[in-house]
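Participant: Just dropping this structure here.
No lab work stands behind these numbers, since they all come straight from the coordinates. Source: prediction; values computed, not measured. So basically every Cβ, Gly included, is an ideal-geometry build from the backbone, and we count neighbours across all protein chains shown.
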């Protein structure tokens, strides 16, 4: 009876996993790397509307960071290298980014950010993904 109760309690709790990021393509060791994890297509990739975020100092050409204990779900990751530390992704007069950026699954679109589904990763266990910024 106790084993059944423990099993039911564990089955009813949401599973969680770690999402390990390896960020490559850093060309200047300066500024900050903004990382945002999104859990829905309505907010992706608007920084400020993410589920979780992390800002890392850029101190090497490859950066690593782990988001711990994320519920099993679908996510998309957006990253940008804020070289001048002004807190925003700088863009030109036409709206094109002037600083390196990247997305999970290394998704790219021609004239805008990729769709959530193009960058989507399914987190059902600990996962390591590589994102190349450019």
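Participant: So, of the residues in the stretch 35-48 that are closer than 18 Å to residue 121 by Cβ and not in a strand (DSSP E or B), which turns out to be farthest from the chain's Cα centre (by Cα)?
Facilitator: At the first step, the residues of the stretch 35-48 found to be closer than 18 Å to residue 121 by Cβ are 35-45.
From what is left, the residues that are not in a strand (DSSP E or B) are 39-45.
Values: 39: 10, 40: 12, 41: 13, 42: 15, 43: 13, 44: 10, 45: 10 Å.
For the stretch 35-48, the residue satisfying everything is 42.
Participant: While we're on this one: Looking only at strands (runs of 3 or more DSSP E) that lie completely in the stretch 64-134, which have at least 2 residues being in contact with a strand residue (DSSP E or B) (Cβ under 7 Å, 6 or more places away or on another chain) and more than 23 Å from residue 16 (Cα to Cα)?
Facilitator: Correct list: 73-82, 101-103.
Participant: Does residue 60 meet the test of being free of Cβ contacts under 8 Å to residues at least 12 places away in the same chain, under 25 Å from residue 121 (Cβ atoms) and assigned to a loop (DSSP other than H, G, I, E, B)? Working first, answer last.
Facilitator: Working: free of Cβ contacts under 8 Å to residues at least 12 places away in the same chain: no; under 25 Å from residue 121 (Cβ atoms): yes; assigned to a loop (DSSP other than H, G, I, E, B): yes.
For residue 60, the condition - free of Cβ contacts under 8 Å to residues at least 12 places away in the same chain, under 25 Å from residue 121 (Cβ atoms) and assigned to a loop (DSSP other than H, G, I, E, B) - is not met.
Participant: Going by the structure shown, is residue 92 more than 15 Å from residue 130 (Cβ to Cβ), surrounded by 11 or more Cβ atoms within 10 Å (Cβ to Cβ) and more than 12 Å from the chain's Cα centre (by Cα)?
Facilitator: Taking the combined requirement at face value, the residue does not satisfy it.
Participant: When the stretch 14-34 is examined, which residues are found to be in a strand (DSSP E or B), farther than 12 Å from residue 125 by Cα and more than 12 Å from the chain's Cα centre (by Cα)?
Facilitator: 24, 32
Participant: Can we say residue 54 is more than 15 Å from residue 107 (Cβ to Cβ), more than 12 Å from the chain's Cα centre (by Cα) and either without any contact (Cβ under 8 Å) to a residue 60 or more places away in the chain or in a loop (DSSP other than H, G, I, E, B) (or both)?
Facilitator: So residue 54 does not fit the description; no.
Participant: Something else: Restricting to the stretch 46-84, give me the number of residues that are exposed (fewer than 12 other Cβ atoms within 10 Å of the Cβ) and either at positive phi or in contact with a helix residue (DSSP H, G or I) (Cβ under 6 Å, 6 or more places away or on another chain) (or both).
Facilitator: 2
Participant: Given the structure, is residue 34 free of Cβ contacts under 8 Å to residues at least 60 places away in the same chain and within 15 Å of residue 20 (Cβ to Cβ)?
Facilitator: Taking the combined requirement at face value, the residue does not satisfy it.
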